[in-house]
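The values are calculated or read from the model by the stated rules, or taken from the named source; none is laboratory data. Predicted model only: the values in this text are computed from it and were never measured. We place every Cβ from the backbone using ideal geometry, glycine too, and count neighbours over all the protein chains shown. Keep in mind that these areas ignore ligands, DNA and RNA; they rest on the heavy atoms of the full protein, side chains included. Shrake-Rupley method; radii C 1.70, N 1.55, O 1.52, S 1.80 Å.
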Amino acid sequence: MIVKMSKYAFMVYHREYDAFLTTLRELGVVHVKETNSILDNAELQALLTERKQVSTAIRYCKSLNSQTKGVTLAPARELTKAEGLKLVGKLEEMQEKQVLLQAEKASLEKDIAYMDIWGEFSYANIRRLKKAGFDVTFFSCPTSKYEPKWGEEYNAFLVNNFQSVTYFVTVTKVGTPIDIDAERPKMPDRGLAKLHLAMEQLLDNIKALNNQLKEYAAGQYNTLVELEKNIQNEFNLSNTLMQTDREAGDKLMLLEGFVPTEEALAMEAALEKDGYYFQELDIQDGDRVPIKLKNNKFSRLYEPITKMFSLPNYAEFDPTPFFAPFFMLFFGLCFGDGGYGLLVIIACAIMKRKVGADFKPYLSLFQYLGLAALVVGTCTGSFFGIALVDVPAFASVKDYFVNSDNLMTFSIIIGLVQIVFGKAVAALKIMSQKGTKYGIAPFAWVFIIIALCCAFGLPMLNVQLSDTVKNVFLGVAAAGLLVAFLYNSPGKNIFLNFGTGLWNTYNMASGLLGDTLSYIRLFAIGLTGAILGGVFNSLAVDMTEGLNVVLRVICMLLILLVVFLLIVLFIFVLVLFLVLFLLLIFILILILILILLILLVFQHLLSECQVIPCFMICRIVAQRHFVGIHSFCIIFTSLKKHPHIMVNVCQFHFILFYFAGRIILLHGFLKLLLL
């Protein structure tokens, strides 16, 4: 349910305003009504940037702490904001240093891998040869292009052959030209031994820096959390000051806010104690009332799903308790296997011991969903892809399992129940928002559907009804139709109501049939899951035939795990493909809209012209198809024989082309929107 809110106005003397805001912050129950945008306030934007900077540091420290077993977090320290931001800056410096060290490590690894090909040698000896008048030059070329004559001509020495590439050096006198079809690689500035020594020192530096980061994360995490809270409080205070109206020469501070009604009395008592003036106001239709959900233990688990789509408006119902049981049931029908449902319950129970308190509600939600899969899968006789009906041990109870025909019927019935339930909730919503009389006709449709389903649906399920009971149901349906036809729009004449009733009847009949039949998908998905489970089991059994029992069980589990991972990968790739496809469609639509806008601007510019060139008339005639070949020839003939009438002819035809083009573009744009 949505927590009821009360709207209050506060009027405080300017010298007491800071103390008043401190009192409100300590109470923690007032949501300030925002009337001014924070986008143009430099101070608030700076606070948002600082909070984002601290939040990034907190997430990094939290990640490091989660990777360290048995870490002990130091208590929070009281720091000023400047000291705290300096602390965050220290972390950023260490992170930048870590990035540089990792880049240097990658460079060294590349040099070492390359020098391994050449082997160990001394650059000092090469320099001695240089002083003695000999140049040592390094070359590499494809092995097929290496020529042995280079050894005689340039004293070439083969060093290594690696991945079809030949590496060699030449020793020639200084100044001797070398004409060789080979590449002269850029050699590292150190030998292999020095590179390994530099790598060892670099790894020690990286290890030392990682230890510093871990110590920082454990020692400063709680301090950073408190710093983030302080910055958030400062932001809230500054935002509240910005949302405050000043009257009487800035002597009086006026503020509006919302308070949960159940906590309003406590707030009033605290403010009256300090002598602050406040007054309760009526909530207007245009007010952006904050939404706070309050549900029982079961429905509270489904609130993230509600927030994932959109929170309801203050005047609406909280849909969470209404869709929660149906969501759980539909998940069970789609999952359709009791064994895997049990596996989900056990896995979530184990993970609950290792995750934080924030993530535990999600695991509890999946446990409920696993329970639904366990119940539905057991009722349908599917357990780890095994059909329990075919197991001899369950032969005595196989008649109690739900078969595919009954499951399809059950899917349609549960879909019809949800539709009727949803229409009843919609009728209650209309009653609460507009008044009782406006919800009578929607409720009449609920009774009509229920009565007709009982009168004609129960006999299809082999539930025989007496003529009296059937006539009662038909009477209820007739009375409901009478109300739905004659009182669907209170306050309007009977003929308009009757016409609206006919239209509502058509929509109800066509929509109800399609919506109800769409629930067959629940049956189809559940049946597909059971079939796939059986196929995977058959695959695992056939591939491990002939092995001993222990090895066969291990191999079967590995095969099932691999198949499961492949399915997950396939689903991920499919979803990614669909997202990319939708993105491509969106880009194409944007391009089409941009082209249309360019054409409209182009037409507007042309409409400002006084003289239209001949080629423009040709293009307009060819593109718009507004005039035929005859008119086209008339224009050119007139222009050729009487150049002085060019302006009049062009202006006259261009007016026709302009309005025709506008009509064609408007028609195409509307067609595009409809598509």
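Observations on the model:
- Looking at LEU192, LEU203, just one residue is open to solvent by 70 Å² or more (accessible area, probe 1.4 Å) and in contact with a helix residue (DSSP H, G or I) (Cβ under 9 Å, 6 or more places away or on another chain), and that residue is LEU203.
- Counted residues, the range 374-410 - those being outside any helix (DSSP H, G or I), among the aromatic types (Phe, Trp, Tyr) and open to solvent by 50 Å² or more (accessible area, probe 1.4 Å): 2
- When the range 429-448 is filtered for residues that are part of a helix (DSSP H, G or I) and surrounded by fewer than 15 Cβ atoms within 10 Å (Cβ to Cβ), the ones remaining, listed by number, are SER432, GLN433, LYS434, THR436, LYS437.
- The range 84-126, residues that are under 36 Å from the mean Cα position of the chain (by Cα) and without any contact (Cβ under 8 Å) to a residue 12 or more places away in the chain: LYS86, GLY89, GLU93, GLU96, VAL99, LEU100, ALA103, ALA106
- Inter-residue pairs, beta-carbon under 8 Å, first open to solvent by 100 Å² or more (accessible area, probe 1.4 Å) and in the range 172-183, second aromatic (Phe, Trp, Tyr), 6+ apart: LYS173/PHE134; GLU183/PHE139
- Residues (touching a Leu at 6+ places or on another chain (Cβ under 8 Å) and open to solvent by less than 60 Å² (accessible area, probe 1.4 Å)) located in the range 314-330: ASP318, THR320, ALA324, MET328, PHE330
- The numbered conditions (1) over 30 Å from VAL425 (Cβ atoms); (2) open to solvent by 20 Å² or more (accessible area, probe 1.4 Å) are all true for TYR362 except (1).
- Of the residues GLN67, GLN102, the single one that is open to solvent by 60 Å² or more (accessible area, probe 1.4 Å) and at pLDDT below 90 is GLN67.
- Filtering the range 130-157 to residues that are within 19 Å of ILE180 (Cβ to Cβ), out of contact with any helix residue (DSSP H, G or I) (no Cβ under 8 Å at 6 or more places or on another chain) and hydrophobic (A, V, I, L, M, F, W, C) leaves PHE134, PHE139, CYS141, TRP150.
- Identification of helices (runs of 4 or more DSSP H) wholly contained in the range 449-543 with 3 or more residues that are open to solvent by 60 Å² or more (accessible area, probe 1.4 Å) and among the aromatic types (Phe, Trp, Tyr) yields 494-517.
- Checking each residue in the range 426-456 for being within 37 Å of the chain's Cα centre (by Cα) and over 30 Å from THR468 (Cα atoms) picks out ALA426, LEU428, LYS429, ILE430, MET431, SER432, GLN433, LYS434.
- Given (1) part of a strand (DSSP E or B); (2) in contact (Cβ under 8 Å) with a residue 60 or more places away in the chain, number of the condition LEU195 does not satisfy: (1)
- In summary, LEU576 fulfils each of the numbered conditions (1) open to solvent by 80 Å² or more (accessible area, probe 1.4 Å); (2) within 30 Å of the chain's Cα centre (by Cα); (3) modelled with pLDDT under 75 with the single exception of condition (3).
- Neighbours by Cβ (under 9 Å, 6+ apart or cross-chain): first from the range 424-446, basic (Lys, Arg); second not in a helix (DSSP H, G or I): LYS429/ALA315; LYS429/GLU316; LYS429/PHE317; LYS437/TYR487; LYS437/PRO490; LYS437/GLY491
- Consider the range 152-171 and keep the residues that are open to solvent by less than 80 Å² (accessible area, probe 1.4 Å) and not polar (S, T, N, Q). The one that is farthest from MET115 (Cα to Cα) is TYR154.
- Of the helices (runs of 4 or more DSSP H) that lie entirely inside the range 254-349, those containing 3 or more residues that are of a type in the set (A, V, I, L, M, F, W, C) span 261-274, 303-309, 320-335.
- Failed item in (1) in contact with a Lys or Arg (Cβ under 7 Å, 6 or more places away or on another chain); (2) part of a helix (DSSP H, G or I), with ASP181 passing the rest: (2)
- Enumeration of residues in the range 113-136 that are over 16 Å from VAL159 (Cβ atoms), open to solvent by less than 60 Å² (accessible area, probe 1.4 Å) and part of a helix (DSSP H, G or I): ALA124
- Pairs, first open to solvent by 50 Å² or more (accessible area, probe 1.4 Å) in the range 289-311, second outside any loop (DSSP other than H, G, I, E, B) and not β-branched (Val, Ile, Thr), C-beta under 7 Å, six or more apart: LYS292/PRO260; PHE298/ALA324
- Test: residue in the range 503-521 that is under 30 Å from LYS4 (Cα atoms) and more than 34 Å from the chain's Cα centre (by Cα): no
- Failed item, numbered, when ALA218 is tested on (1) in contact with a helix residue (DSSP H, G or I) (Cβ under 8 Å, 6 or more places away or on another chain); (2) open to solvent by 20 Å² or more (accessible area, probe 1.4 Å): (2)
- Considered as a group, the residues in the range 65-87 that are in a loop (DSSP other than H, G, I, E, B) and charged (D, E, K, R) include one that is nearest to ASN233 (Cα to Cα), and that residue is GLU78.
- Comparison of VAL355, VAL289, VAL344 shows that the only residue that is of a type outside the set (Gly, Ala, Ser) and touching a Gly at 6+ places or on another chain (Cβ under 7 Å) is VAL344.
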